[in-house]
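Please read the structure below before turning to the comments.
The values are calculated or read from the model by the stated rules, or taken from the named source; none is laboratory data. If you're wondering where the values come from, they're calculated on a predicted model, not measured in any experiment. All Cβ positions, even for glycine, are placed from backbone atoms using ideal geometry, and neighbour counts span all protein chains on display.
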Amino acid sequence: MNALTREEFLEDLCPGVRPIIAAVMECECGCEALDFLYKRPRTWLETADIAYHLGQPVGKTAVTLERLHYFLVLNRRDIFGIAFFHLTENQEILQALDQYWTWREVWRSRWQQTQDALKL
């Protein structure tokens with residue numbers, strides 16, 4: 001998403017939600033990581049497993065996961081020196097993420113309608 005479109009997307013969100021979603025969107029594979037973990041809400045996953053499923057290098061994925069953890073979007077648990085991540089259980093952040101996912105689908109729908117109209 002280019003910078004102008006990103007700013008327009010963020011403007012559609014509630015002011016309290018914008019900083020969280022902006023932080024997620026700044027991460028190189030942050031949106032993909034969130035989508036992946038959203039589909040597995042009760043699962044704690046190791047960095048390497050998440051990287052594998054995202055098709056990303058472990059190093060890049062680790063940086064993204066740590067950043068999302070810093071912004072409290074993910075929980076982190078270290079077991080025997082291995083970091084495991086899980087989508088937050090913080091209701092305020094989950095509501096912000098729900099708004100993000102809803103608006104993203106609205107934007108995708110609008111984009112599809114625009115593409116369809118241009119084909120006519």
Inset, instruction - Answer yes or no: is there a residue in segment 29-37 that is touching an Asp or Glu at 6+ places or on another chain (Cβ under 7 Å) and part of a helix (DSSP H, G or I). - result: no
Inset, instruction - Keeping to segment 54-84, report how many residues are more than 22 Å from Y100 (Cα to Cα) and in a helix (DSSP H, G or I). - result: 4
Legend entry - Residue among L118, L87, L97 that alone is of a type in the set (A, V, I, L, M, F, W, C), on the phi < 0 side of the Ramachandran plot and over 20 Å from the mean Cα position of the chain (by Cα): L118
Inset, instruction - For residues that are small (G, A, S) and free of Cβ contacts under 8 Å to residues at least 60 places away in the same chain, scanning just segment 70-107, find the one that is surrounded by the most Cβ atoms within 10 Å (Cβ to Cβ). - result: A83
Legend entry - Residue among R40, R110 that is surrounded by fewer than 17 Cβ atoms within 10 Å (Cβ to Cβ), at pLDDT 85 or above and of a type in the set (D, E, K, R): R40
Legend entry - Hits in segment 85-120 - residues which are of a type in the set (D, E, K, R) and in a helix (DSSP H, G or I): E92, D98, R104, E105, R108, R110, D116, K119
